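Trainee: If you scroll down you'll find the structure; I have some questions about it.
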Amino acid sequence: MRPFSHAGQFRHTANSGYNGRTSILGVMLVTMQQQIEAKLAAALSPTHLEVVNESYMHRVAPGSESHFKVVVVSPHFDGHRLLARHRQVNAVLADELAGAIHALALHTYTEQEWLQREQAPKTPSCVSKNGLT
C-alpha cells in the first residue's frame, strides 16, 4: 500500500474536465472532483483516495461532472460494516449528492482490507452510452 501524502495525493483522470480557468474575479474555479477530494480528505483522513470523474463514460454533455467513482481507505472505517462506511461518505458529500452528482460508485476499505486487495473493481460499461437501451 502506498502511503498517503499531501503531494500528489489525489488521482486525476485525463477526462476530469478541469481546465484550470479562473473566474472574472480572479478566483480559481474548483471542479466537483476537487471538491469531493478535499471534503473526503478533511473528513476521513484517508491513507488512499481516488476520485475519478466517470461522466465521460455516460450519455452526458462533454465536460460534465455528474458520475464519480470514489475509492477511499480510511482508519475511520475500522470496525464499521460496508453500509456504515457508505453512510459516512454520503454524509460528508450530502450537499453534492443533493445537487450536481447523479451517480457515486463507492469503494470503501479499511487499511487491512486494502492491503489484501490493493485495487477497486473495474467500472462496467454504461449500457445507455453504448446504445443498448
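The values are calculated or read from the model by the stated rules, or taken from the named source; none is laboratory data. Quick caveat, the model's predicted, so the values are computed rather than measured. Cβ coordinates were reconstructed from backbone atoms using ideal geometry, including for glycine residues, and neighbour counts include every protein chain displayed.
Trainee: State all residues of the range 110-133 that are in a loop (DSSP other than H, G, I, E, B) and either of a type in the set (Asp, Glu) or modelled with pLDDT of 90 or more (or both); if no residue qualifies, say none.
Mentor: Hits for the range 110-133 are Thr110, Glu118.
Trainee: Also, I was wondering about something else. Any idea which residue in the range 1-59 is farthest from Ser125 (Cα to Cα), counting only those that are at pLDDT 50 or above, small (Gly, Ala, Ser) and touching a strand residue (DSSP E or B) at 6+ places or on another chain (Cβ under 7 Å)?
Mentor: The qualifying residue farthest from Ser125 (Cα to Cα) is Ala41.
Trainee: Then there's this: Does Ala105 satisfy the criteria of being surrounded by fewer than 13 Cβ atoms within 10 Å (Cβ to Cβ), within 20 Å of Leu44 (Cβ to Cβ) and under 14 Å from the mean Cα position of the chain (by Cα)?
Mentor: Judged against the criteria, Ala105 is not a match.
Trainee: Which pairs turn up if I take residues in the range 80-107 that are more than 12 Å from Lys39 (Cα to Cα) and look for partners that are assigned to a helix (DSSP H, G or I) with beta carbon separation below 6 Å, at least 6 apart in sequence or on another chain?
Mentor: Arg85/Phe77; Ala100/Met32; Leu106/His86; Leu106/Val89
Trainee: List every residue pair whose Cβ atoms lie under 6 Å apart, where the two residues are 6 or more positions apart in sequence or sit on different chains, the first residue falls within the range 43-58 and is in a loop (DSSP other than H, G, I, E, B), and the second residue, located anywhere, is buried (at least 17 other Cβ atoms within 10 Å of the Cβ) and of a type in the set (Lys, Arg).
Mentor: Final answer for the pair search is Glu54/Lys69.
Trainee: Scan His107, His80 and give me the residue that is assigned to a strand (DSSP E or B) and out of contact with any Leu (no Cβ under 9 Å at 6 or more places or on another chain).
Mentor: Being assigned to a strand (DSSP E or B) and out of contact with any Leu (no Cβ under 9 Å at 6 or more places or on another chain) holds for just one of His107, His80, which is His107.
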